[in-house]
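The values are calculated or read from the model by the stated rules, or taken from the named source; none is laboratory data. Please read these numbers as outputs of a predicted model, since none were measured by experiment. Heads up, the Cβs are rebuilt from the backbone with ideal geometry, glycines too, and the neighbour counts pull from every protein chain shown. Note: areas computed on protein heavy atoms with side chains; ligands, DNA, RNA excluded. Shrake-Rupley method; radii C 1.70, N 1.55, O 1.52, S 1.80 Å.
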Amino acid sequence: MEVPGAGYVVLGLLVALFGALAWKYARRLLTVARVLRRGVRTGGECVRVETEPYHRSDATRHWFAFHAADGTRVEFEDLAGWSMTEGTPVTVTYDPRDPGGTATVAGRGSWSPVLQALALTAGCGLAALGFSTVLVYQAVGGR
C-alpha cells in the first residue's frame with residue numbers, strides 16, 4: 001500500500017536533517033577558525049575513546065582534557081584520527097572566555113580542525129542541496 005505524499009515527507013525530513021547538520025558544522029567551522037587565529041594554545045591529552053556498538057570505525061568518539069589558564073580542568077569531545085588512543089598528548093587551542101565550548105585539538109598529528117569542519121559542512125550542505133533538488137523535481141511533476 002502506497003501512502004500519498006510519503007516520498008515528499010521523507011525527502012523533506014532528509015533536507016531538514018542535513019540542513020541542520022550543515023548549519024551545526026558551519027557554526028563549528030567559524031568557531032574553530034576564530035579560535036585558531038586568536039586562541040590560547042596549551043598541552044592536553046586524549047583521556048577517553050568510546051566506540052559505539054559493533055566497533056564501527058566511523059562511530060569512535062574521542063574525549064580530550066587540558067587545564068585552562070585559571071587551572072580549571074576542561075574536558076571536551078572533538079574529532080580525531082583513528083590512531084588516537086588514550087594518553088596521547090595533543091595541542092589544544094581555546095578561547096579563555098569559553099574554554100569548554102571552543103576547545104579544539106590543533107597540532108601535529110591531527111588533521112586540521114578547519115579542514116574537518118569544512119569537509120563536514122560541505123558534505124552535509126551538498127546532501128541537503130541534493131535532496132532539495134530531488135524534492136523540487138518531484139513536486140513539479142518530474143517523477
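The mean sequence separation of alpha-carbon pairs under 8 Å and at least six residues apart, normalised by the residue count of the chain, gives a relative contact order of 32 percent. Taking chymotrypsin sites (Phe, Trp or Tyr not before Pro) as exposed when their DSSP state is a loop state and no more than 13 other Cβ atoms lie within 10 Å, the longest site-free interval of the chain runs over 1-81. Placing a pseudo-label 7 Å from each Cα along the Cα-to-Cβ vector at Ala33 and Glu50 gives an inter-label distance of 3.0 nm.
Heavy-atom surface analysis with a 1.4 Å probe gives the chain a carbon and sulfur content of 62 percent of its accessible area. Measuring r between the beta carbons of Arg73 and Trp23 and using R0 = 41 Å, the FRET efficiency lands at 0.85. Relative to the longest principal axis of the Cα atoms of the chain, the long axis of helix 6-38 lies at roughly 20 degrees. Note that the chain presents 65 Å² accessible area per residue, ligands and nucleic acids not counted, probe 1.4 Å. Label-to-label distance, Val136 versus Trp63, with points set 7 angstrom from Cα along the beta-carbon direction: 4.4 nm. Against the chain, whose longest principal axis comes from its Cα atoms, helix 113-139 is set at around 10 degrees.
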